[in-house]
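One structure is given below, encoded as structure tokens.
The values are calculated or read from the model by the stated rules, or taken from the named source; none is laboratory data. Just so it is clear, the structure is predicted and the values come from calculations on it, not from any experiment. When we count neighbours, we look across all protein chains shown, and the Cβ atoms used for this are built from the backbone with ideal geometry, even at glycine. Heads up: the accessible areas ignore ligands, DNA and RNA and are worked out on the full protein's heavy atoms, side chains in. Shrake-Rupley method; radii C 1.70, N 1.55, O 1.52, S 1.80 Å.
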Amino acid sequence: ELASVTEEFSKTIDSLAELEVTRQNVEILTNFADTHRRIRESLERSSLQESLTLGVTLDEYIRSLASVKAIFNQRARLGHYLVIVETDFAKKQSLLEKLPQNSTSQSNIDKINSAKREYQTLQRRCKSVKKRWQEVGDCIKKELANFEIEKVKDFRNSLEIFLESAIESQKECIELWE
């Protein structure tokens, strides 16, 4: 917007120069308009540089945060599944404890053996899901620690580039004015 306003200002100065009667005033106003056109070009370059440095950094942050959100959602689903498996495991354990252990009838022995197999399967599944849930949590902690360190460095570098570019742009504007 600043570049656009500066361009409009330089056109206005050019129009004013056309109305002047003396050659010296026309020359001064024309040079003033040219200076503002070059300042506009500098502002456009500076704006593009800002977009490239800060825009890319912010875009990368947004993508990274979306990935983190997806990982947290995955861990939440895994946690939900873990609760279901633990509930089923507790129910099966309660049912197994209620079954008579010293029964001699074949149907009761089959029920007990079937319940023990289901109990063992649920126990393995519960341990597996819990282990996976814990691994995802540990991985998230590790990655967030790395993310924090790396992103701070990236942001600092982008900000340094942005500030150096702004300083150079101001120096260029000073030179144009001189």
Practice problem: Could you list, in sequence order, all residues of segment 144-163 that are under 18 Å from LEU52 (Cα atoms), surrounded by 12 or more Cβ atoms within 10 Å (Cβ to Cβ) and not hydroxyl-bearing (Ser, Thr, Tyr)? | Solution: LYS151, ASP154, PHE155, ASN157, LEU159, ILE161, PHE162
Practice problem: Kindly list, by first and then second residue, each pair from a residue in segment 43-58 that is touching a residue at least 40 places away in the same chain (Cβ under 8 Å) and assigned to a helix (DSSP H, G or I) to a residue that is open to solvent by less than 70 Å² (accessible area, probe 1.4 Å) and of a type in the set (A, V, I, L, M), limited to pairs with Cβ atoms under 7 Å and residues at least 6 apart or on different chains. | Solution: LEU43/ALA3; GLU44/ALA3; SER46/ALA166; SER47/ALA3
Quiz item: Here are some residues: ASP110, ASP138, ASP154. Which one is under 43 Å from the mean Cα position of the chain (by Cα), among the acidic types (Asp, Glu) and over 30 Å from SER46 (Cβ atoms)?
Solution: ASP138
Quiz prompt | All positions within segment 69-92 that are of a type outside the set (Val, Ile, Thr), open to solvent by 70 Å² or more (accessible area, probe 1.4 Å) and under 22 Å from ALA115 (Cβ atoms) | solution = LYS91
Practice problem: Name the single residue, out of those in segment 21-53 being farther than 21 Å from LYS171 by Cβ and open to solvent by 70 Å² or more (accessible area, probe 1.4 Å), that is modelled with the lowest pLDDT. | Solution: VAL21
Quiz item: Taking the condition within 33 Å of the chain's Cα centre (by Cα), within 30 Å of HIS36 (Cβ to Cβ) and in a helix (DSSP H, G or I), does ALA166 pass?
Solution: yes
Quiz item: If the Cβ limit is 6 Å and pairs must be 6+ apart or interchain, which residue in segment 113-131 that is within 14 Å of LYS91 (Cα to Cα) pairs with which residue that is in a helix (DSSP H, G or I) and open to solvent by 60 Å² or more (accessible area, probe 1.4 Å)?
Solution: LEU122/ASP88; CYS126/GLU86
Quiz item: What single numbered condition from (1) among the charged types (D, E, K, R); (2) within 30 Å of LEU58 (Cβ to Cβ); (3) open to solvent by less than 60 Å² (accessible area, probe 1.4 Å) fails to hold for LYS141?
Solution: (3)
Quiz item: Among ARG37, ARG75, which is within 30 Å of ALA166 (Cβ to Cβ), charged (D, E, K, R) and in contact with a helix residue (DSSP H, G or I) (Cβ under 8 Å, 6 or more places away or on another chain)?
Solution: ARG37
